[in-house]
Amino acid sequence: MKRIEQTFTDNRTKDETTLVAYITSGYPLLGETVGLISAAVEAGADVIELGVPFSDPLGDGPVIQATGQAALDTGTTAAATLDVVAEARAAGVEAPIVLMGYCNPFLRYGLTQLYDDARSAGVDGFVVPDLPVSEGAEWLAHAEANELGQTFFTAPGSSAERIAASAAASRGFLYVLAANGVTGVRKDLDPGLDAYLERVRAAGDTPMAVGFGISRPEHVASLHGKTDGVIVGSALLQAIGAARDAAGRRQAVTGLISSLKAATR
Amino acid sequence: MNGRFGEYGGQFVAETLVGPLQELEEEYQKALLDPEFTAELDKLLKMFVGRPTPITELHRLGATENGVKLWLKREDLTHTGAHKINNSIGQALLARRLGKKQIIAETGAGQHGVAVAAACAYLGLEATVYMGRVDAERQAPNVQRMELLGARVELVDLGTATLKDAINAAIREWIARPDTTHYLLGSVVGPHPFPTIVRNFQSVIGREARAQFLEENDRLPDAVVACVGGGSNAAGMFSAFLDDPVRLVGVQAAGEGKGGQCGHAAPLLYGDPGVLQGTRTYLLQDDDGQIQLTHSIAPGLDYAGVGPEHSHYKDTGKVEYISASDNEALDAFVALSSQEGILPALESAHAVAGALKVARQCAPGSTVLVNLSGRGDKDLTSAMAALKQREENAR
């Protein structure tokens with residue numbers, strides 16, 4: 001978790017928005033994931049959010065659903081994803097890596113074993129979209145015991161009490177859902193977003209990262225100063241999916257992340 | 001309401017839905033204390049749904065098993081032909097109190113979809129029903145009924161294109177529009193407060209059946225049997241007998257009848273606890289926690305999970321869970337039709353098949369009350385095709 005905190009602190013000092021890049025583990029092939037992580041970090045991604053695929057990803061739109069299914073079809077598991085993180089560390093990736101995944105595969109792995117193995121592999125934290133604070137006590141205890149991050153969420157409709165509860169419980173950073181709905185590229189950001197971000201900001205000092213619908217440099221630029229971080233997922237996976245071969249996929253990551261990174265300053 | 005059934009249940013949902021679920025729970029509790037709400041619900045159950053439904057004594061089926069007497073609770077005689085309408089009309093009233101005019105729902109067999117469409121048409125609400133493409137094909141008459149009743153039917157191609165995938169699609173739609181939309185979930189599954197609300201709206205089945213059985217027999221039945229997919233008809237039926245010395249039996253779909261993790265829809269017999277669609281419950285899942293493909297001839301039972309209250313009753317032993325295969329259900333479908341003049345839904349045929357197994361274990365002269373959750377008109381095409389296939393295979 002220290003790496004996450006340090007990253008957000010450093011970027012705050014530099015007045016830069018922290019750029020979080022979401023990649024689905026094992027998409028399109030498990031053997032390419034370390035290369036795509038490296039490409040993203042080299043192009044300027046500050047934090048990697050690595051998705052563990054699940055058969056029923058209720059918070060995800062068509063793009064991430066399809067990447068998850070493709071990853072499952074080639075045998076990607078939580079255990080294989082931990083190996084990916086260990087390989088990325090061995091390859092010299094130093095950026096924080098958080099695992100994003102739904103409850104069931106993690107529960108099946110066993111939380112005690114999971115958090116222990118995650119720490120050993122070099123994971124910095126967990127993002128679990130179907131785990132609200134009210135269900136999170138056991139997960140948080142494991143995160144604390146292993147000094148790992150645990151990210152909770154706020155939604156546009158969250159009450160002040162719930163925003164405060166999610167901010168207070170989150171370790172590392174708080175995930176601010178920019179819109180209702182599931183993940184996916186959206187043309188414009190919600191007009192009410194600024195006021196909502198101010199409400200979240202007022203809830204505490206936990207670093208906040210805005211996700212859902214962030215796909216273009218102008219989105220990132222327009223959020224400068226209003227949030228500590230931004231999260232880009234579907235747009236990145238679309239770019240990866242559109243490329244023809246492994247080299248093309250790394251280039252696609254480099255291209256999009258570089259342009260988004262330029263908008264963080 | 002705490003949303004827990006022992007170690008099962010809960011509210012494993014995106015933060016976006018926590019507020020709307022809280023709002024639903026609060027409005028439900030207010031409605032329960034509002035005499036106008038309960039009076040309107042009672043009136044609609046009587047004058048729109050057609051309650052009370054009768055119980056019917058069978059004279060041939062079961063008699064050969066130790067002279068056991070079978071009785072049916074006739075939910076097939078409700079308006080729209082299944083117990084689903086009890087919950088649909090209740091939740092539609094709740095949605096109206098919440099000021100939500102857009103109703104979304106999932107459906108497997110189509111019975112819940114038809115019930116939602118009818119309730120919404122009657123109460124002036126707009127209904128959109130999500131249905132897996134596979135289910136829509138095997139329950140075509142219900143798709144036509146929903147559309148005629150004014151609902152929009154959205155076909156779902158994801159996953160196995162059955163009930164679980166229809167629920168996923170409905171939940172994703174609800175996450176997108178939580179402020180204006182009510183998700184009218186049709187079974188005792190999903191996040192709190194749905195398992196409790198749906199069970200309570202279905203408890204009318206058990207209340208009526210218990211009183212009717214006592215009236216006719218001056219005693220309680222020895223066993224009460226219901227089929228369990230998500231488990232709403234069973235939860236409603238069992239709710240009246242939980243404190244009685246009555247054997248409660250839930251019948252899950254054994255599909256091909258081979259057990260293991262696939263080829264059936266019986267998580268209470270072969271599954272393990274996990275979290276799916278907002279609740280902790282028994283699931284059919286692989287070693288990595290991915291949800292497994294299911295199979296049942298009855299679309300309404302074809303689901304990898306089950307209501308969390310049933311998971312609790314399995315662990316405590318309060319309810320016994322057995323299974324009936326596609327073949328056993330088909331036999332019961334034919335037997336009840338030809339011997340008693342009652343055409344059951346394929347889902348309910350599982351309950352009848354299970355009841356015959358229970359009857360074989362009963363002392364002579366025992367009585368078994370079966371919840372006949374729905375009628376079988378919707379199943380004619382697929383059941384006749386399956387029967388023909390079976391005949392050809394036997395040659």
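List of remarks:
- Helix B:346-361 axis versus longest C-alpha principal axis of chain B: approximately 40°, rounded to the nearest ten.
- Region A:73-115 and region B:226-247: distance between their alpha carbon centers, rounded to Å: 41
- Reachable lysines, given that their alpha-carbon falls under 29 Å from the alpha-carbon of B:Lys73 and they are not under 8 places away in the same chain: B:Lys43, B:Lys46, B:Lys84, B:Lys164, B:Lys314, B:Lys318, B:Lys357, B:Lys378
- With respect to chain B, whose longest principal axis is taken over its alpha-carbon atoms, helix B:163-176 is tilted by about 10°.
- Between helix B:35-44 and chain B: long-axis angle, C-alpha atoms, 0 to 90°, nearest 10: 50
- Farthest toward positive dipole pole in chain B [+1 Lys/Arg, -1 Asp/Glu at C-beta], among B:Gly317, B:Thr281, B:Leu41: B:Leu41
- Distance from the Cα centroid of region B:276-302 to that of region B:86-112 is 24 Å (rounded to whole angstrom).
- Using θ = phi - 60° in the Karplus curve 6.51 cos²θ - 1.76 cosθ + 1.60, the 3J(HN,Hα) couplings for region B:277-290 round to 6, x, 9, 8, 6, 5, 9, 8, 9, 8, 5, 9, x, 7 Hz; x is entered for Gly and Pro.
- Listed residue (B:Gly206, B:Gly3, B:His350) projecting farthest to the positive dipole end of chain B, Cβ model: B:Gly206
- Mean separation of Cα pairs under 8 Å and 6 or more residues apart, divided by the residue count, gives chain B a relative contact order of 20 percent.
- Region B:1-51 and region A:177-227: distance between their alpha carbon centers, rounded to Å: 33
- Computed FRET value (nearest 0.05) for B:Ala140 with A:Thr9, which takes r as the C-beta separation and R₀ as 51 Å: 0.25
- With each label modelled as a point 7 angstrom along the Cα→C-beta vector, the A:Ala246-A:Ser259 pair spans 2.6 nm.
- Note on chain B: helix-only mean residue ellipticity at 222 nm, from DSSP H runs of 4+ residues weighted -39500 (n - 2.57) and normalised by residue number, equals -14000 deg cm²/dmol.
- Percent RCO, i.e. relative contact order, over chain A, from Cα pairs under 8 Å lying at least 6 residues apart: 24
- Spacing of the two label points (7 Å from each Cα toward its C-beta) at A:Thr112 and B:Asp157, in nm: 4.6
- Taking θ as phi - 60° and the Karplus parameters 6.51, -1.76 and 1.60, the scalar couplings of region B:15-29 work out to 3, 3, 9, 5, x, x, 5, 5, 4, 4, 4, 5, 5, 4, 5 Hz in sequence order, x denoting glycine and proline.
- Residues A:Ala221 and B:Glu40, FRET efficiency given R0 of 51 Å [Cβ-Cβ distance, rounded to 0.05]: 0.40
- Rounded FRET efficiency, nearest 0.05, which uses the C-beta distance separating B:Arg60 from B:Leu387 and R0 of 22 Å: 0.65
- For the protein assembly as shown: rounded, prolate or oblate by the Cα gyration tensor [a/c cutoff 1.5]: prolate
Here, each number is a calculation from the coordinates, and none is a lab measurement. Note that the structure is predicted; figures quoted are calculated from it, not measured. Backbone-built Cβ (ideal geometry, glycine too); neighbour counts: all protein chains shown.
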